[in-house]
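The values are calculated or read from the model by the stated rules, or taken from the named source; none is laboratory data. Owing to the predicted nature of the structure, the values given are computational and were not obtained by experimental measurement. For neighbour counting, all protein chains shown are included, and Cβ atoms are generated from backbone atoms with ideal geometry for every residue, glycine included.
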Amino acid sequence: MSHAPTQGSGTAGMSRLDRLANLIIAVIVIAVAIAAITATSDFPSTALATDVGPARFPIIYSVALIVLCGILIVNTLRKGAAASAPESAGDRAGRLASRVNVALGIGMTTLCLIGMAYVGYAIATTLYLSSVMWLMGQRSRLLNPLIAVAATAIIYVTFSTGLQVPLPVGSLFE
Amino acid sequence: MYELDMLLQGFQTLLSQPFALLLSVVGVALGIVIGALPGLTATMGVAILLPFTFGMDPLSGLLMICGVFFGGIYGGSITAILLKIPGTPAAAATAMDGFELTKKGQAGIALGTATFSSFLGGTISVFVLIFLAPVLASFALEFSASESFALAVFGLSIIASISGKSVVKGLIAGFLGLLIATVGLDPMAGFPRYTGGYTELFSVPFIPVMIGLFAAAEAFKAMEDPAFRSGAAAMLSRIIPPWATYRRMLGTVGRSSVLGIIIGMIPGAGADIAAFVAYNEAKRFSKTPENYGKGELAAVAACESGANGCTGGALLTMLTLGIPGDAVTAVMLGALTLQGLQPGPLLFREHADLVFTLFAGMLVCYVLMLVIGLGSMRMMGRILQMPKSVLTPVILALCIVGTYAINNSMFDIGIMLAAGVIGYFMQKWDFPASPVVLALIMGPMAEANFRRALSLSSGSYDFLYNRPITAVLLLVAACTLLLPLLRQLKKSSAKSEAARGPASQGALAGESAGGTE
């Protein structure tokens, strides 16, 4: 599902959301580039007379980013906002539900990452798999944990036993 | 012909050593599994296996390592095509069109094309290694820091052609990747840049970023789409591509294999660079370049033959000069030394029997890769038949474990997750992820070699135009970067003229109507 504008469409407009997203992204990237340039002031100058030093390349890349983002901003502003068809209440609710789902998915992955440090790979991954399956519409109280345990065990055996990659045990069990 | 006689003799010797053959089968199968798993690369596979080969005879040990190397490079394409998880960095290029083909229901034919192209690319490279090693080895010596810098710039110029709908957005993604690539220790003085005091950031966490941008971002996107969530099971269609279709790709495969061999020979350049360069050249020579990025079979063929062509090239300089072409052959160099073999011109003279038996074994490894690859494809294809509500969480779990496996680091998983979230938003607003990955591969190579070349030329920039290979590569890079920009500029001006045309005609009509009034 792409929300992005069709490029090269001359003066054809783009939705208000697309314009806003383009502008926000460009501003964020410019801020990152400025921060990167500012941080180079702490870099030491090179001891070699024939070297350009550690700051030169980051500065070149940052300046290029600022110029490119400037072009993106100008291009976006030149294109007018297209009149979008009125959205029904159902569509709006669906869009909101999708966003909540993604946010929950990212949140669960973060929790799994944090949990893994404490309870180890096995428990964290089993719980994580079970809950993400639930989030994605697989809602069986019996099947979800079973599949989660089986998948966790297969991954564990493949990595830990088969490929000798030690997986986290968790600080609570160490 | 000496080489041919020795090769035939090598085959005879190999056939009398069933244990070595068995270990090649094990090596190739293991390599495919390692390559297919996110986070585990061919380098890691060879490194894991190295201690097991100490007690083996040189041929068996080296063949097993070669099997893992070849299988590992190929294996990355399987998950790249089926799930958009590039198992290896080289497969990031394959994922661009491979996954699009899967979305179109052509996963089987994409996998088949990848397998045949990997086999052809690899086999051609082994033949080049056998027959042209001494000639090409001297060419590899021509590559110093300035040529490597020019190659990296040429690689980076590909960003313009893999940018998708918007070149500006592609370039922003590429330069962002280049900026990220400066995180870590400065290549000349070793000063930590943008690390925030974290030792984990002393080298660019390239693989976690790649897994996040491709696989995790795709999984998050799957959570958003209700149609995808409910997930109708996909089927693996025909696997072996029709001869008429594949015949048209043979030129691309041949060209990409040669490119792969050349890039493989250059120290520091590996299968990842070869795959991206092969992709770009295939697009440049294609009659339908507009299909690239949307599910073009020839793109998959180019990436895979380029990446596997790299194997022979990397082995060539390692065996003839003792210079490893990439990280895998650097580990293999250690294996050879441990087996009491000193790579270099004398290796071919003093251990000719072993070397040519090894070459015969390499050809057998590629045949095994073709057989195992095609044979296991139906089984691999069953992955697609899993309900999406189960597959997506498993992909995410694999991303987490695969990322952890690189350095046994939770920090890396955090990087992967952050890259996944950023990748999701990039995908949503049509910022391509591939330029970021390409920049992460090429950026450090470009900077390190530029600064090295500058030091070697006593601070003079003459090396940019004095050295013929450097000058040619930089010129080609400029053309590669500028042509898509000019093409897009021309297209948008033609469109705006076309849009202005009817409007101005309408205005004229209005004026004349007004006049009559």
Would you confirm whether or not the range B:449-470 contains a residue that is of a type in the set (F, W, Y) and outside any helix (DSSP H, G or I)? yes
Among the residues of the range B:313-326, which ones are part of a helix (DSSP H, G or I) and among the hydrophobic types (A, V, I, L, M, F, W, C)? B:A314, B:L315, B:L316, B:M318, B:L319, B:L321
All conditions in (1) touching a Pro at 6+ places or on another chain (Cβ under 7 Å); (2) free of Cβ contacts under 8 Å to residues at least 24 places away in the same chain are true of B:A173 except (2)
Need pairs with beta-carbon distance below 8 Å; first residue within 13 Å of chain A (Cβ to nearest Cβ) and surrounded by fewer than 16 Cβ atoms within 10 Å (Cβ to Cβ) and within the range B:446-470, second among the polar types (S, T, N, Q) and not in a loop (DSSP other than H, G, I, E, B); sequence gap 6+ or separate chains. B:L456/B:S146
Looking at B:A145, B:A91, can you tell me which residue is crowded, with 22+ Cβ neighbours inside 10 Å and at negative phi? B:A91
Would you pick out the residues in the range B:129-170 that are of a type in the set (V, I, T) and either modelled with pLDDT under 75 or in contact with an Asp or Glu (Cβ under 6 Å, 6 or more places away or on another chain) (or both)? B:I130, B:V135
When residues of the range B:411-423 are filtered for being over 22 Å from B:I34 (Cβ atoms) and either within 7 Å of chain A (Cβ to nearest Cβ) or modelled with pLDDT under 90 (or both), how many remain? 3
Within the range A:87-108, does at least one residue satisfy the condition of being small (G, A, S), part of a loop (DSSP other than H, G, I, E, B) and away from chain B (no Cβ under 11 Å)? yes
Those residues of the range B:229-270 which are charged (D, E, K, R) and modelled with pLDDT under 85, in sequence order: B:R229, B:R238
Of the numbered conditions (1) at the interface with chain B (Cβ under 9 Å from one of its Cβ atoms); (2) assigned to a helix (DSSP H, G or I), A:L48 fails exactly one; give the number of that condition. (2)
Of all residues in the range B:357-402, which are of a type in the set (S, T, N, Q) and either more than 10 Å from every other protein chain (Cβ to nearest Cβ) or surrounded by fewer than 24 Cβ atoms within 10 Å (Cβ to Cβ) (or both)? B:T357, B:S376, B:Q385, B:S389
A:K79, sole failed condition from (1) exposed (fewer than 13 other Cβ atoms within 10 Å of the Cβ); (2) touching a strand residue (DSSP E or B) at 6+ places or on another chain (Cβ under 6 Å): (1)
In this structure, is B:C310 farther than 20 Å from B:F127 by Cβ and part of a helix (DSSP H, G or I)? no
Do we find a residue being more than 11 Å from every other protein chain (Cβ to nearest Cβ), touching a helix residue (DSSP H, G or I) at 6+ places or on another chain (Cβ under 6 Å) and not in a helix (DSSP H, G or I) anywhere in the range B:425-433? yes
Residue ID - modelled with the lowest pLDDT, chosen from residues in the range B:471-517 that are of a type in the set (D, E) and part of a helix (DSSP H, G or I): B:E511
A:T126 being assigned to a helix (DSSP H, G or I), touching a helix residue (DSSP H, G or I) at 6+ places or on another chain (Cβ under 7 Å) and more than 8 Å from chain B (Cβ to nearest Cβ): yes
Count, please, the residues in the range A:129-164 that happen to be more than 8 Å from every other protein chain (Cβ to nearest Cβ), hydrophobic (A, V, I, L, M, F, W, C) and in a loop (DSSP other than H, G, I, E, B). 1
Just one of B:G155, B:G98, B:G121 is more than 23 Å from B:I323 (Cβ to Cβ) and touching a residue at least 40 places away in the same chain (Cβ under 8 Å); which is it? B:G98
Inspect the range B:435-443 for any residue being buried (at least 23 other Cβ atoms within 10 Å of the Cβ), farther than 16 Å from A:P58 by Cα and within 11 Å of chain A (Cβ to nearest Cβ) and give the result as yes or no. no
Give the range B:193-210 a look and list any residue that's out of contact with any Pro (no Cβ under 7 Å at 6 or more places or on another chain) and more than 17 Å from B:I85 (Cα to Cα), or say none. B:Y194, B:T195, B:G196, B:G197, B:Y198, B:T199, B:E200, B:L201, B:S203
